[in-house]
Amino acid sequence: GSMFTTYYVKGGITMYGENGSTIVCFKKEHEQTYAKYKEIQSKILQLLEEAIIPEDCKNYFYQQQYISLFANLEYFLYGTFMWETCQSYERYERALRIIKKYVREEDIQTKRILNRKHCIKQEIVFIKQIKHIVYHNSNKVKDIYKAVFNIDVNLNNLKNEIHIRHDIVHRAGYTTEGFNIVITKEDVLALNDKIDKLVEDITLKINQRKR
């Protein structure tokens with residue numbers, strides 16, 4: 001059924017389908033997304049304070065916490081955009097217009113579905129496209145948040161940190177020149193502060209819109 005339809009279910013639910021089926025609730029509030037972000041952040045910071053790491057493994061440990069902070073940010077950005085968009089048909093239409101820009105030219109079938117009259121199939125394809133957005137891509141995040149929420153989200157303040165994140169994730173912590181990236185506890189805490197400031201700013205603006 002459509003994500004814009006409210007269903008009241010009494011008793012059990014039976015799902016059919018060759019590959020199984022999934023029920024997704026589209027009534028999550030932003031407060032839930034924010035709470036999950038804070039929960040994950042708290043665990044990362046707890047690890048920083050309590051984990052006992054051998055001296056020769058500390059750099060690897062701090063590198064992993066560094067990229068975990070980015071993973072948490074991306075989950076927050078995705079969750080906020082996903083749930084807030086899918087609760088409002090007006091926001092859905094605005095998001096649909098911007099999402100079409102990111103579909104590959106050769107993907108004719110997807111383009112055709114997104115351009116057709118609203119239907120369940122379109123919603124399914126739309127959600128798939130949202131899931132495939134890279135939420136550390138500063139230009140795409142800026143575009144979708146501006147188009148749907150009229151909120152300015154500037155990831156350029158994290159440009160250097162995103163570059164470091166790429167080196168850790170894609171090159172095992174080495175730069176393209178072959179130098180090992182050294183991450184300290186202080187580096188992780190500094191990144192946490194910058195990400196937290198961004199999340200708090202987005203949360204404030206989202207809440208102001210709801211008033």
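Computed from the coordinates by the stated procedures, all read-outs in this text should not be read as laboratory data. Source: prediction; values computed, not measured. Neighbour counts are summed over all protein chains in view; Cβ atoms, including those assigned to glycine, are modelled from backbone coordinates with ideal geometry.
Just a few scattered comments:
- Residue of 89, 75, 37 that the Gaussian network model of the chain assigns the largest fluctuation, springs spanning Cα pairs under 10 Å: 89
- Using the Cβ-Cβ distance between residue 159 and residue 9 with R0 = 41 Å, the FRET efficiency computed as 1/(1 + (r/R0)^6) comes to roughly 0.30.
- Compared with the dominant Cα axis of the chain, that is its longest principal axis, helix 89-99 is turned about 60°.
- Estimated FRET transfer efficiency when R0 is 25 angstrom, pair residue 105-residue 142 (beta carbons, to 0.05): 0.65
- Computed helical MRE - 222 nm, the chain, DSSP H runs ≥ 4 contributing -39500 (n - 2.57), nearest 500: -20500 deg cm²/dmol
- Helix axis angle, 30-50 relative to the chain longest principal axis, alpha carbon, degrees: 20
- Axis of helix 185-210 versus longest Cα principal axis of the chain: the two differ by about 30°, to the nearest ten degrees.
- Positive dipole terminus of region 59-211, leading residue within 184, 96, 118 (C-beta point charges): 118
- Over 28 Å (Cα to Cα) - which of 10/43; 100/194; 10/131; 36/159; 36/140; 100/197 fall in this group: 10/43; 100/194; 10/131; 100/197
- FRET efficiency, residue 193 to residue 124 (Cβ-Cβ, R0 35 Å, nearest 0.05): 0.35
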